Amino acid sequence: MRLITIITLLLFISSAFGVEVFQFTNIIVDRDNNVIHRFKPNSELFLFENEMVLAQHGDSTYYYDLFGNVKWKRKLDIHHHATYDSEKNEIWALTFDVRRYNKRRVAFDSILILDPESGATKREYPLFNLLTKIKKHAQNSELENKNKALNTMIDLDERLQGKAEHVYLNTNYFQMITADNQDNKSIVFKEGNIVVSFNLIDVFMVVNPSFSKILWTSSKKSVLQQHTPTYTKNGKFLVYDNGLNKKREQSRIVILDVNTNKYKKIYPLKKKDEFYSELSGGAFYTKKGTIVFNNPSKESNNIIEIDSSGKVLWRYDFQSGENGYRVNPVEISKKTYRSLLRQEKIKQ
């Protein structure tokens, strides 16, 4: 009787854990290289850990589950990044903020906070004021590394004074610092503050929850056209450094130590592994503590998983028609995983 109870308990514990899969815009794959789901063609798509999908089709944004059941849709342009805050039951998404500036239309960015039940906007944080006040904030004593950083934003003036009808500063990522990864000794890297990445000006920063103050920025040109600068803990960022520059057309996965302002290259460490992704990419820690990133270069198009030493543990090579912007590791339930895998095998 006791043995049966133990077995039942072990089975229950096992079933409680999900399966980590990897969403890459129009497909989901597992570590056995099975494509377990294919999405309809779209311009932007984000799979959340509540197993819901936020996707843009045409001029509308849809919110639906993995089996195609639509919860809501609304006219909205989303781009680059969206996430689900399970504690507050909110969706955060990047969208466009088009306004007049210097007598012309300028496309800046805005972060919308959406109600997942209805799709209604709960709050909005336009990044226009944040960007145009960057120089002022650079002199603020709250900026921890002000002496090294914000001559960083000289490029901003050049863009705003240009002749183009549309100026797009390309906010391409944000991250909420949580209790799990905050630094209790820092006023910057604490719960509630937000990491924001502007890759066309080669900088990412930490701002306060109301997006009114810049608390920290990366140093100018330390990374180039970066994607997914993710604060982990203990003063460390994991960064996908695209390297778009006349002097260096080579991408790399790096870790920034904010205490020393130095970067450590994790990948590639060998000449044969060098790659260059000009416009897209992303690197994230997995549930196992490894690092997964995508390499959408001309030479190869794949997802790669590495350990902390840069050793390749797993690779998925994309087939014709499989493409996307960045890899997104997500844990889904075993029940959902099995259902998706079964459905995909039936289609084949």
> Non-local amide H neighbours of HIS80 (under 5 Å, H modeled in plane, Pro and chain starts lacking H): which ones?
Replying inline: none
> Where does the charge balance sit around ILE177 when Lys and Arg score +1, Asp and Glu -1, over other residues with C-beta under 10 Å from its C-beta?
Replying inline: -1
>> Taking θ = phi - 60°, what integer Hz values does the Karplus form 6.51 cos²θ - 1.76 cosθ + 1.60 yield along the stretch 178-186, in sequence order, with x for Gly and Pro?
In response: 10, 5, 6, 10, 6, 9, 5, 8, 10
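Return the loop-located GluC sites (Glu not before Pro) in the stretch 255-348 (DSSP other than H, G, I, E, B) with at most 11 other Cβ atoms within 10 Å of their own Cβ; answer none if there are none. Please list the in-between numbers first.
Numbers: sites: GLU274, GLU278, GLU299, GLU305, GLU322, GLU331, GLU344; in loops: GLU274, GLU278, GLU299, GLU322.
Passing both the DSSP loop test and the Cβ count: GLU299.
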> Which ³J(HN,Hα) values, rounded to whole Hz and listed in residue order, are derived for the stretch 194-203 from phi using the Karplus coefficients 6.51, -1.76 and 1.60 in 6.51 cos²θ - 1.76 cosθ + 1.60 with θ = phi - 60°, glycine and proline given as x?
Replying inline: 10, 8, 10, 10, 10, 7, 6, 10, 6, 8
> So which of LYS75/LYS334; LYS40/LYS213; LYS71/LYS347; LYS287/LYS335; LYS75/LYS335 end up more than 29 Å apart by C-alpha?
Replying inline: LYS75/LYS334; LYS40/LYS213; LYS75/LYS335
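Read the figures in this text as sums done on the coordinates, not as results from a lab. Being a predicted model, the structure only gives us computed values, none of them experimental. As a convention, Cβ positions derive from the backbone with ideal geometry for all residues, glycine included, and neighbour counts pool all protein chains shown.
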